[in-house]
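Structure first, then comments.
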Amino acid sequence: MSKIKAIFPLIGNIVKGLSTVSILGLNLFIAYIMFAPDSYPKPVYINHRTMVLLAPIDSTQVVGEAATPEPTVDPLVEYEPGEGELVDTGTKIVNLADAGGRRYLKTTITIEVAPPAGLQATEETAHAGGEATEDPILTAFADGMNANMPVINDTLTTLLSSKTFEEIYTIDGKEALRLEIQANLNARLPELYVIAVYFTEFIVQ
């Protein structure tokens with residue numbers, strides 16, 4: 001009996017030792033996950049994110065950058081065809097979606113977009129007897145159109161190639177295509193606001 005009693009303290013020491021080792025191992029494991037580089041193998045990776053609150057930046061106070069007018073459209077103005085700026089998107093030749101892919105469409109498309117807000121016609125200066133100068137807002141507008149041209153061409157090519165001969169060879173079909181192009185461009189590039197779409201060439205074979 002005395003031998004059994006002598007074993008109890010030994011078992012207690014073993015349990016305490018195992019507990020200490022377990023706690024120490026758990027702490028080391030957590031420290032390894034949190035502080036070891038992510039290039040090391042880990043069972044769990046923690047995404048550390050730091051939130052920094054910054055004061056709003058006034059673009060006019062940025063050193064080394066001149067403030068340039070943004071060619072945005074006035075949302076309060078309703079434009080009619082003939083009041084916007086014409087943009088030639090070039091000639092598109094695509095295979096139509098007919099069976100066999102033997103039919104194709106060749107078309108040249110010009111889109112009319114709303115003029116940028118604040119645009120000043122240089123003709124007024126010329127009529128007043130002065131020398132017409134390049135309008136910086138119109139220049140910025142042209143640069144913006146060039147930057148958006150890949151999106152415009154992608155939209156046009158994708159839409160045109162999805163059509164069949166039966167869908168577009170009639171007058172009603174062309175009008176429906178015209179409206180669909182306008183809706184798609186306005187959905188992808190709402191800052192431009194396409195007023196109208198013009199087919200200056202339309203050949204289906």
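Each reported figure results from applying straightforward, stated rules to the coordinates on display, with no laboratory input. Predicted model only: the values in this text are computed from it and were never measured. Note: ideal-geometry Cβ built from the backbone for every residue, glycine included; neighbour counts use all protein chains shown.
Among residues of segment 139-185 being in contact with a strand residue (DSSP E or B) (Cβ under 8 Å, 6 or more places away or on another chain) and over 28 Å from residue 103 (Cα atoms), the one that is surrounded by the fewest Cβ atoms within 10 Å (Cβ to Cβ) is 145. Residue selection: residue 191 satisfies the criterion of being outside any helix (DSSP H, G or I) and not hydrophobic (A, V, I, L, M, F, W, C).
Inspection of segment 176-186 identifies no residue that is more than 17 Å from residue 86 (Cβ to Cβ) and touching a residue at least 40 places away in the same chain (Cβ under 8 Å).
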